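Let me give you the structure first, and then I'll get to my questions.
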Amino acid sequence: MSTTTIPEPHGNGASRPAQRAPARLPWWLTGLVVPALQVALALGVASLVVLLVGESPLATLRVMLTGALDPANGLASTLYYATSLTFTGLAVAVAFHAGLFNIGGEGQAYVAGLGVALACLWLDGRLGAPAMFCVAMLAATAAGAFWAWIPGYLQARRGAHVVVSTIMFNYIAAGLLNYMLVSAIGSGGMGTETRSFAPSAMLPKLHEVLEPLGISLAPSFLNIATLLALLCAAGVWWLLWRTRLGYALRLLGHSPRAARYAGLSAASLTIIAMLISGALAGLMAVNDVYGAQGRLVLNFTGGMGFLGVAVALMGRNHPVGVLAAALLFGALYQGSTDLQLDFPRISPELILVIQGLVVFFVAALDRLVRAPVERGYLAWSNRQRPDA
(Lines give C-alpha, C1' and ligand atoms only; values in the text may rest on other atoms or scores of the structure.)
Protein backbone atom coordinates (compact mmCIF):
# COMPACT_ATOMS: atom_id res chain seq x y z
CA MET A 1 0.00 0.00 0.00
CA SER A 2 1.46 3.32 -1.04
CA THR A 3 1.61 6.23 1.36
CA THR A 4 0.94 9.79 0.23
CA THR A 5 3.50 12.29 1.47
CA ILE A 6 3.08 16.02 1.90
CA PRO A 7 6.26 18.01 1.22
CA GLU A 8 6.96 20.27 4.12
CA PRO A 9 9.97 21.61 5.95
CA HIS A 10 11.15 18.96 8.32
CA GLY A 11 14.42 19.23 10.10
CA ASN A 12 16.92 17.93 7.52
CA GLY A 13 14.63 18.86 4.61
CA ALA A 14 13.08 15.41 4.13
CA SER A 15 9.31 15.00 3.87
CA ARG A 16 7.34 12.84 6.31
CA PRO A 17 4.14 10.81 5.88
CA ALA A 18 0.90 12.69 6.49
CA GLN A 19 -0.85 11.75 9.74
CA ARG A 20 -4.23 10.11 9.27
CA ALA A 21 -7.02 10.55 11.75
CA PRO A 22 -7.77 7.28 13.53
CA ALA A 23 -10.90 5.48 12.41
CA ARG A 24 -13.94 5.87 14.64
CA LEU A 25 -15.82 2.92 16.04
CA PRO A 26 -19.42 2.73 14.78
CA TRP A 27 -22.24 2.70 17.33
CA TRP A 28 -23.57 -0.64 16.15
CA LEU A 29 -20.22 -2.29 16.92
CA THR A 30 -19.90 -1.01 20.49
CA GLY A 31 -23.64 -0.92 21.23
CA LEU A 32 -24.89 -4.09 19.54
CA VAL A 33 -22.17 -6.49 18.39
CA VAL A 34 -20.03 -6.44 21.53
CA PRO A 35 -22.95 -6.87 23.98
CA ALA A 36 -24.39 -9.64 21.78
CA LEU A 37 -21.06 -11.49 21.86
CA GLN A 38 -20.85 -11.05 25.64
CA VAL A 39 -24.33 -12.47 26.14
CA ALA A 40 -23.59 -15.33 23.74
CA LEU A 41 -20.44 -16.22 25.67
CA ALA A 42 -22.34 -16.07 28.96
CA LEU A 43 -25.08 -18.33 27.63
CA GLY A 44 -22.45 -20.70 26.23
CA VAL A 45 -20.81 -21.11 29.64
CA ALA A 46 -24.24 -21.36 31.28
CA SER A 47 -25.08 -24.18 28.86
CA LEU A 48 -22.13 -26.15 30.21
CA VAL A 49 -23.51 -25.68 33.73
CA VAL A 50 -26.93 -26.89 32.58
CA LEU A 51 -25.30 -29.95 30.99
CA LEU A 52 -23.59 -30.77 34.28
CA VAL A 53 -26.98 -31.12 36.00
CA GLY A 54 -28.26 -33.38 33.22
CA GLU A 55 -30.56 -31.03 31.34
CA SER A 56 -30.58 -29.99 27.69
CA PRO A 57 -29.24 -26.46 27.10
CA LEU A 58 -31.41 -26.00 24.00
CA ALA A 59 -34.56 -27.08 25.85
CA THR A 60 -33.83 -24.75 28.76
CA LEU A 61 -33.06 -21.87 26.41
CA ARG A 62 -36.34 -22.48 24.56
CA VAL A 63 -38.28 -22.43 27.84
CA MET A 64 -36.55 -19.23 28.93
CA LEU A 65 -37.29 -17.47 25.64
CA THR A 66 -40.90 -18.66 25.60
CA GLY A 67 -41.42 -17.67 29.22
CA ALA A 68 -39.95 -14.22 28.68
CA LEU A 69 -41.53 -13.34 25.33
CA ASP A 70 -44.91 -15.09 25.47
CA PRO A 71 -47.41 -12.32 24.63
CA ALA A 72 -50.11 -13.96 26.77
CA ASN A 73 -48.30 -13.42 30.06
CA GLY A 74 -44.50 -13.58 30.00
CA LEU A 75 -43.93 -10.44 27.95
CA ALA A 76 -45.86 -8.28 30.42
CA SER A 77 -43.78 -9.59 33.31
CA THR A 78 -40.59 -9.01 31.31
CA LEU A 79 -41.59 -5.38 30.72
CA TYR A 80 -42.49 -5.01 34.40
CA TYR A 81 -39.04 -6.18 35.53
CA ALA A 82 -37.39 -4.11 32.78
CA THR A 83 -39.16 -1.01 34.14
CA SER A 84 -37.57 -1.42 37.57
CA LEU A 85 -34.19 -2.13 35.98
CA THR A 86 -34.49 0.97 33.78
CA PHE A 87 -34.89 3.17 36.85
CA THR A 88 -31.94 1.64 38.71
CA GLY A 89 -29.81 1.49 35.55
CA LEU A 90 -30.40 5.17 34.80
CA ALA A 91 -29.53 5.98 38.41
CA VAL A 92 -26.15 4.29 38.06
CA ALA A 93 -25.55 5.90 34.65
CA VAL A 94 -26.15 9.47 35.84
CA ALA A 95 -23.75 9.04 38.76
CA PHE A 96 -21.19 7.32 36.54
CA HIS A 97 -21.09 10.25 34.11
CA ALA A 98 -20.15 12.46 37.07
CA GLY A 99 -17.35 10.08 38.04
CA LEU A 100 -19.32 8.43 40.87
CA PHE A 101 -20.08 4.74 41.32
CA ASN A 102 -23.45 4.66 43.04
CA ILE A 103 -24.09 1.06 44.05
CA GLY A 104 -26.61 2.10 46.68
CA GLY A 105 -29.64 1.79 44.41
CA GLU A 106 -30.92 -1.09 46.52
CA GLY A 107 -30.98 0.99 49.71
CA GLN A 108 -32.33 4.06 47.95
CA ALA A 109 -35.20 1.99 46.57
CA TYR A 110 -35.86 0.56 50.07
CA VAL A 111 -36.17 4.03 51.60
CA ALA A 112 -38.24 5.26 48.64
CA GLY A 113 -40.60 2.30 49.13
CA LEU A 114 -40.92 3.26 52.75
CA GLY A 115 -41.74 6.84 51.74
CA VAL A 116 -44.37 5.67 49.25
CA ALA A 117 -45.91 3.31 51.80
CA LEU A 118 -46.12 5.97 54.52
CA ALA A 119 -47.77 8.40 52.09
CA CYS A 120 -50.26 5.82 50.83
CA LEU A 121 -51.12 4.44 54.27
CA TRP A 122 -51.84 7.95 55.49
CA LEU A 123 -53.57 9.47 52.47
CA ASP A 124 -55.03 6.68 50.31
CA GLY A 125 -58.51 7.20 51.76
CA ARG A 126 -58.38 10.98 51.55
CA LEU A 127 -56.97 11.77 48.10
CA GLY A 128 -58.13 10.82 44.65
CA ALA A 129 -55.96 8.83 42.25
CA PRO A 130 -54.34 11.84 40.45
CA ALA A 131 -53.42 13.60 43.70
CA MET A 132 -52.23 10.34 45.23
CA PHE A 133 -50.03 9.72 42.19
CA CYS A 134 -48.35 13.11 42.63
CA VAL A 135 -47.82 12.49 46.36
CA ALA A 136 -46.42 9.00 45.76
CA MET A 137 -44.06 10.29 43.07
CA LEU A 138 -42.87 13.08 45.34
CA ALA A 139 -42.42 10.69 48.27
CA ALA A 140 -40.43 8.17 46.19
CA THR A 141 -38.10 10.69 44.55
CA ALA A 142 -37.58 12.72 47.73
CA ALA A 143 -36.84 9.66 49.88
CA GLY A 144 -34.50 8.12 47.30
CA ALA A 145 -32.72 11.44 46.73
CA PHE A 146 -32.33 11.96 50.48
CA TRP A 147 -30.78 8.52 50.96
CA ALA A 148 -28.31 9.22 48.13
CA TRP A 149 -27.64 12.76 49.30
CA ILE A 150 -25.96 11.54 52.51
CA PRO A 151 -23.17 9.53 50.76
CA GLY A 152 -22.85 12.34 48.21
CA TYR A 153 -22.41 14.91 50.95
CA LEU A 154 -19.95 12.70 52.84
CA GLN A 155 -17.79 12.34 49.71
CA ALA A 156 -18.04 15.98 48.69
CA ARG A 157 -17.45 17.53 52.11
CA ARG A 158 -15.76 14.83 54.19
CA GLY A 159 -13.89 12.69 51.66
CA ALA A 160 -15.73 9.46 52.43
CA HIS A 161 -15.68 7.32 49.27
CA VAL A 162 -19.17 7.00 47.82
CA VAL A 163 -18.71 3.30 46.98
CA VAL A 164 -18.08 2.36 50.61
CA SER A 165 -20.76 4.63 52.02
CA THR A 166 -23.47 3.52 49.56
CA ILE A 167 -22.73 -0.14 50.39
CA MET A 168 -23.13 0.55 54.09
CA PHE A 169 -26.29 2.57 53.48
CA ASN A 170 -27.80 -0.43 51.72
CA TYR A 171 -27.51 -2.41 54.96
CA ILE A 172 -28.85 0.47 57.03
CA ALA A 173 -31.85 0.84 54.72
CA ALA A 174 -32.57 -2.88 54.87
CA GLY A 175 -32.50 -2.79 58.66
CA LEU A 176 -34.69 0.31 58.76
CA LEU A 177 -37.25 -1.29 56.44
CA ASN A 178 -37.30 -4.46 58.52
CA TYR A 179 -37.81 -2.50 61.75
CA MET A 180 -40.61 -0.37 60.31
CA LEU A 181 -42.48 -3.39 58.94
CA VAL A 182 -42.17 -5.38 62.14
CA SER A 183 -42.68 -2.61 64.69
CA ALA A 184 -44.49 0.33 63.14
CA ILE A 185 -46.41 -0.06 59.89
CA GLY A 186 -46.74 -3.83 59.46
CA SER A 187 -50.14 -5.46 59.11
CA GLY A 188 -49.56 -7.46 62.29
CA GLY A 189 -49.04 -11.16 62.88
CA MET A 190 -46.06 -12.96 61.32
CA GLY A 191 -46.26 -11.16 57.99
CA THR A 192 -43.62 -8.57 57.10
CA GLU A 193 -45.78 -6.34 54.94
CA THR A 194 -48.19 -3.43 55.28
CA ARG A 195 -51.90 -3.54 54.66
CA SER A 196 -53.00 -3.14 51.05
CA PHE A 197 -53.48 0.38 49.75
CA ALA A 198 -56.94 1.50 48.67
CA PRO A 199 -57.51 0.28 45.07
CA SER A 200 -58.86 3.71 44.06
CA ALA A 201 -55.53 5.34 44.96
CA MET A 202 -53.21 2.81 43.27
CA LEU A 203 -51.40 3.29 39.98
CA PRO A 204 -53.48 1.70 37.21
CA LYS A 205 -52.29 -1.55 35.67
CA LEU A 206 -51.73 -1.44 31.93
CA HIS A 207 -54.41 -4.07 31.20
CA GLU A 208 -56.91 -1.92 33.13
CA VAL A 209 -55.97 1.18 31.10
CA LEU A 210 -56.21 -0.60 27.74
CA GLU A 211 -59.43 -2.50 28.44
CA PRO A 212 -61.77 0.49 27.76
CA LEU A 213 -59.95 0.94 24.44
CA GLY A 214 -60.91 -2.56 23.35
CA ILE A 215 -57.41 -4.01 23.89
CA SER A 216 -57.56 -7.11 26.06
CA LEU A 217 -54.44 -8.14 27.97
CA ALA A 218 -53.97 -10.79 30.62
CA PRO A 219 -53.81 -9.37 34.18
CA SER A 220 -50.24 -8.66 35.22
CA PHE A 221 -48.13 -6.36 37.38
CA LEU A 222 -47.27 -4.21 34.34
CA ASN A 223 -48.46 -0.69 35.06
CA ILE A 224 -48.11 2.80 33.63
CA ALA A 225 -44.80 3.28 35.44
CA THR A 226 -43.36 1.74 32.25
CA LEU A 227 -44.26 4.94 30.42
CA LEU A 228 -42.66 6.89 33.25
CA ALA A 229 -39.44 4.89 32.75
CA LEU A 230 -39.38 5.82 29.05
CA LEU A 231 -39.86 9.48 29.96
CA CYS A 232 -37.05 9.26 32.49
CA ALA A 233 -34.72 7.75 29.87
CA ALA A 234 -35.51 10.63 27.51
CA GLY A 235 -35.09 13.11 30.36
CA VAL A 236 -31.70 11.71 31.34
CA TRP A 237 -30.52 11.93 27.72
CA TRP A 238 -31.72 15.54 27.53
CA LEU A 239 -30.12 16.38 30.86
CA LEU A 240 -26.72 14.87 30.08
CA TRP A 241 -26.31 15.93 26.44
CA ARG A 242 -28.48 19.00 26.05
CA THR A 243 -28.07 21.06 29.23
CA ARG A 244 -25.24 23.00 30.86
CA LEU A 245 -25.68 20.96 34.04
CA GLY A 246 -25.29 17.74 32.10
CA TYR A 247 -22.16 19.05 30.39
CA ALA A 248 -20.74 20.06 33.77
CA LEU A 249 -21.48 16.59 35.21
CA ARG A 250 -19.82 14.86 32.27
CA LEU A 251 -16.83 17.20 32.44
CA LEU A 252 -16.45 16.40 36.14
CA GLY A 253 -16.53 12.70 35.41
CA HIS A 254 -14.14 12.94 32.47
CA SER A 255 -11.61 15.30 34.05
CA PRO A 256 -12.10 16.65 37.59
CA ARG A 257 -9.04 18.85 37.17
CA ALA A 258 -10.47 20.46 34.03
CA ALA A 259 -13.79 20.96 35.81
CA ARG A 260 -12.07 22.79 38.68
CA TYR A 261 -10.01 24.83 36.18
CA ALA A 262 -13.29 25.85 34.50
CA GLY A 263 -14.57 27.19 37.80
CA LEU A 264 -17.02 24.39 38.52
CA SER A 265 -17.65 23.27 42.07
CA ALA A 266 -16.85 19.57 42.23
CA ALA A 267 -18.51 19.29 45.65
CA SER A 268 -21.80 20.80 44.48
CA LEU A 269 -21.86 18.73 41.29
CA THR A 270 -21.15 15.55 43.26
CA ILE A 271 -24.11 16.21 45.54
CA ILE A 272 -26.39 17.13 42.61
CA ALA A 273 -25.43 13.97 40.72
CA MET A 274 -26.19 11.80 43.74
CA LEU A 275 -29.51 13.56 44.30
CA ILE A 276 -30.59 12.87 40.71
CA SER A 277 -29.29 9.31 40.90
CA GLY A 278 -31.11 8.59 44.16
CA ALA A 279 -34.36 10.07 42.85
CA LEU A 280 -34.21 7.79 39.80
CA ALA A 281 -33.51 4.73 41.95
CA GLY A 282 -36.40 5.73 44.19
CA LEU A 283 -38.81 5.60 41.26
CA MET A 284 -38.45 1.84 41.32
CA ALA A 285 -40.71 1.94 44.37
CA VAL A 286 -43.40 3.62 42.26
CA ASN A 287 -43.32 0.66 39.88
CA ASP A 288 -43.24 -2.05 42.51
CA VAL A 289 -44.79 -0.81 45.77
CA TYR A 290 -47.31 1.65 44.36
CA GLY A 291 -47.99 0.22 40.91
CA ALA A 292 -47.70 -3.57 41.22
CA GLN A 293 -47.96 -4.84 44.80
CA GLY A 294 -50.21 -2.19 46.31
CA ARG A 295 -48.43 -2.66 49.63
CA LEU A 296 -44.90 -2.58 51.02
CA VAL A 297 -43.28 -6.01 51.31
CA LEU A 298 -39.96 -6.88 52.92
CA ASN A 299 -37.11 -7.20 50.35
CA PHE A 300 -39.42 -6.02 47.58
CA THR A 301 -36.52 -4.97 45.36
CA GLY A 302 -35.43 -8.55 44.64
CA GLY A 303 -31.88 -7.40 43.89
CA MET A 304 -32.95 -4.98 41.14
CA GLY A 305 -30.88 -2.22 42.75
CA PHE A 306 -27.69 -4.24 42.35
CA LEU A 307 -28.64 -5.45 38.85
CA GLY A 308 -28.92 -1.80 37.84
CA VAL A 309 -25.12 -1.64 37.93
CA ALA A 310 -24.86 -4.41 35.32
CA VAL A 311 -27.62 -2.80 33.26
CA ALA A 312 -25.79 0.54 33.19
CA LEU A 313 -22.45 -1.06 32.36
CA MET A 314 -23.93 -3.17 29.57
CA GLY A 315 -25.81 -0.16 28.23
CA ARG A 316 -22.57 1.85 28.18
CA ASN A 317 -24.26 4.37 30.51
CA HIS A 318 -26.39 5.71 27.65
CA PRO A 319 -30.17 5.90 28.15
CA VAL A 320 -30.88 3.93 24.98
CA GLY A 321 -28.36 1.29 25.98
CA VAL A 322 -29.84 1.15 29.47
CA LEU A 323 -33.31 0.50 28.00
CA ALA A 324 -31.98 -2.32 25.82
CA ALA A 325 -29.99 -3.88 28.68
CA ALA A 326 -32.97 -3.59 31.03
CA LEU A 327 -35.09 -5.50 28.52
CA LEU A 328 -32.46 -8.23 28.30
CA PHE A 329 -32.13 -8.62 32.06
CA GLY A 330 -35.91 -8.39 32.46
CA ALA A 331 -36.32 -11.24 29.99
CA LEU A 332 -33.64 -13.24 31.79
CA TYR A 333 -35.35 -12.66 35.12
CA GLN A 334 -38.78 -13.69 33.88
CA GLY A 335 -37.49 -16.59 31.77
CA SER A 336 -35.62 -17.98 34.77
CA THR A 337 -38.87 -18.13 36.72
CA ASP A 338 -40.45 -20.44 34.13
CA LEU A 339 -37.24 -22.46 33.99
CA GLN A 340 -37.61 -23.45 37.64
CA LEU A 341 -41.17 -24.65 37.02
CA ASP A 342 -40.34 -26.82 33.99
CA PHE A 343 -36.99 -28.19 35.16
CA PRO A 344 -37.08 -29.19 38.85
CA ARG A 345 -33.41 -30.21 38.77
CA ILE A 346 -32.46 -26.60 38.00
CA SER A 347 -32.50 -25.06 41.45
CA PRO A 348 -32.94 -21.35 42.26
CA GLU A 349 -29.24 -21.27 43.11
CA LEU A 350 -28.41 -22.46 39.60
CA ILE A 351 -30.60 -19.70 38.19
CA LEU A 352 -28.51 -17.23 40.16
CA VAL A 353 -25.38 -18.79 38.65
CA ILE A 354 -26.75 -18.27 35.13
CA GLN A 355 -27.69 -14.67 35.88
CA GLY A 356 -24.32 -14.11 37.51
CA LEU A 357 -22.52 -15.43 34.43
CA VAL A 358 -24.27 -12.84 32.27
CA VAL A 359 -23.29 -10.10 34.71
CA PHE A 360 -19.75 -11.48 34.89
CA PHE A 361 -19.19 -11.50 31.13
CA VAL A 362 -20.93 -8.17 30.58
CA ALA A 363 -19.46 -6.21 33.45
CA ALA A 364 -16.34 -7.83 34.87
CA LEU A 365 -14.96 -9.20 31.59
CA ASP A 366 -16.07 -6.35 29.40
CA ARG A 367 -12.61 -5.71 27.96
CA LEU A 368 -12.04 -9.42 27.30
CA VAL A 369 -14.54 -9.23 24.43
CA ARG A 370 -14.55 -5.54 23.62
CA ALA A 371 -10.81 -4.99 23.17
CA PRO A 372 -10.13 -7.66 20.48
CA VAL A 373 -13.32 -6.79 18.59
CA GLU A 374 -12.44 -3.10 18.52
CA ARG A 375 -8.82 -3.79 17.54
CA GLY A 376 -9.95 -6.11 14.75
CA TYR A 377 -12.43 -3.57 13.40
CA LEU A 378 -9.88 -0.73 13.49
CA ALA A 379 -7.29 -2.86 11.67
CA TRP A 380 -9.85 -3.85 9.02
CA SER A 381 -11.09 -0.26 8.71
CA ASN A 382 -7.60 1.15 8.25
CA ARG A 383 -6.90 -1.32 5.46
CA GLN A 384 -10.12 -0.30 3.68
CA ARG A 385 -9.57 3.45 3.89
CA PRO A 386 -8.02 5.27 0.95
CA ASP A 387 -4.65 6.87 1.56
CA ALA A 388 -4.83 10.38 2.91
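The values are calculated or read from the model by the stated rules, or taken from the named source; none is laboratory data. These numbers come from a predicted model, not from an experiment. Glycine also receives a Cβ, built like all others from the backbone with ideal geometry; neighbour counts cover every protein chain displayed. Calculation scope for accessible area: heavy atoms of the full protein, side chains included, ligands and nucleic acids excluded. Shrake-Rupley method; radii C 1.70, N 1.55, O 1.52, S 1.80 Å.
So which pairs qualify, if the first residue must be in the range 232-254 and within 16 Å of GLY99 (Cβ to Cβ), the second must be assigned to a helix (DSSP H, G or I) and among the polar types (S, T, N, Q), the Cβ gap must be under 9 Å, and the two must be at least 6 apart or on different chains?
LEU252/THR270
Next up: Does ALA218 fit the bill of being of a type in the set (A, V, I, L, M) and either in contact (Cβ under 8 Å) with a residue 12 or more places away in the chain or in contact with a Cys (Cβ under 6 Å, 6 or more places away or on another chain) (or both)?
So ALA218 fits the description; yes.
Checking SER277 against (1) within 21 Å of GLU193 (Cβ to Cβ); (2) assigned to a helix (DSSP H, G or I), which single condition isn't satisfied?
Here SER277 meets the rest and fails (1).
Kindly establish whether GLY175 is at positive phi and surrounded by fewer than 16 Cβ atoms within 10 Å (Cβ to Cβ).
no
Name the residue, out of LEU252, LEU298, LEU269, LEU280, that is under 30 Å from VAL209 (Cβ atoms) and either basic (Lys, Arg) or buried (at least 19 other Cβ atoms within 10 Å of the Cβ) (or both).
Being under 30 Å from VAL209 (Cβ atoms) and either basic (Lys, Arg) or buried (at least 19 other Cβ atoms within 10 Å of the Cβ) (or both) holds for just one of LEU252, LEU298, LEU269, LEU280, which is LEU280.
What single numbered condition from (1) under 16 Å from the mean Cα position of the chain (by Cα); (2) of a type in the set (A, V, I, L, M); (3) open to solvent by less than 60 Å² (accessible area, probe 1.4 Å) fails to hold for LEU350?
(1)
I need every pair where a residue in the range 140-153 that is in contact (Cβ under 8 Å) with a residue 40 or more places away in the chain has its Cβ under 8 Å from the Cβ of a residue that is open to solvent by 10 Å² or more (accessible area, probe 1.4 Å) and not in a helix (DSSP H, G or I), sequence separation at least 6 or different chains.
That search, which allows pairs on different chains as well, returns PRO151/ALA160.
If you don't mind, there's one more thing I want to ask. Could you please find all residues in the range 72-98 being open to solvent by 10 Å² or more (accessible area, probe 1.4 Å) and modelled with pLDDT under 90?
ALA72, ASN73, LEU75, ALA76, SER77, listed by residue number.
If you check ILE271 against the conditions, is it of a type outside the set (D, E, K, R), modelled with pLDDT of 90 or more, under 24 Å from LEU154 (Cα atoms) and under 19 Å from the mean Cα position of the chain (by Cα)?
Considered against the rule, which asks whether it is of a type outside the set (D, E, K, R), modelled with pLDDT of 90 or more, under 24 Å from LEU154 (Cα atoms) and under 19 Å from the mean Cα position of the chain (by Cα), ILE271 comes out as no.
Sticking with this one: Considering only the range 117-137, state which residues are touching a residue at least 12 places away in the same chain (Cβ under 8 Å), hydrophobic (A, V, I, L, M, F, W, C) and open to solvent by 30 Å² or more (accessible area, probe 1.4 Å).
LEU118, LEU121, LEU127, ALA129, PHE133, VAL135, MET137
In the range 326-357, which residues are more than 22 Å from VAL311 (Cβ to Cβ), at pLDDT 75 or above and of a type in the set (A, V, I, L, M)?
Correct list: LEU341 only.
Let me ask something else about it. I need the full set of residues from the range 221-231 which are surrounded by fewer than 17 Cβ atoms within 10 Å (Cβ to Cβ) and either small (Gly, Ala, Ser) or in contact (Cβ under 8 Å) with a residue 40 or more places away in the chain (or both), in order please.
Selection gives LEU230 alone.
Okay, next question. Can you spot a residue in the range 146-162 that is in contact with a Leu (Cβ under 9 Å, 6 or more places away or on another chain), under 17 Å from ALA225 (Cα atoms) and either modelled with pLDDT of 90 or more or aromatic (Phe, Trp, Tyr) (or both)?
Scanning the range 146-162 turns up no residue that is in contact with a Leu (Cβ under 9 Å, 6 or more places away or on another chain), under 17 Å from ALA225 (Cα atoms) and either modelled with pLDDT of 90 or more or aromatic (Phe, Trp, Tyr) (or both).
Only one of these is surrounded by fewer than 22 Cβ atoms within 10 Å (Cβ to Cβ), touching a helix residue (DSSP H, G or I) at 6+ places or on another chain (Cβ under 8 Å) and under 14 Å from GLY278 (Cα atoms): ILE150, ILE185, ILE167. Name it.
Selected residue: ILE150, the only one of ILE150, ILE185, ILE167 that is surrounded by fewer than 22 Cβ atoms within 10 Å (Cβ to Cβ), touching a helix residue (DSSP H, G or I) at 6+ places or on another chain (Cβ under 8 Å) and under 14 Å from GLY278 (Cα atoms).
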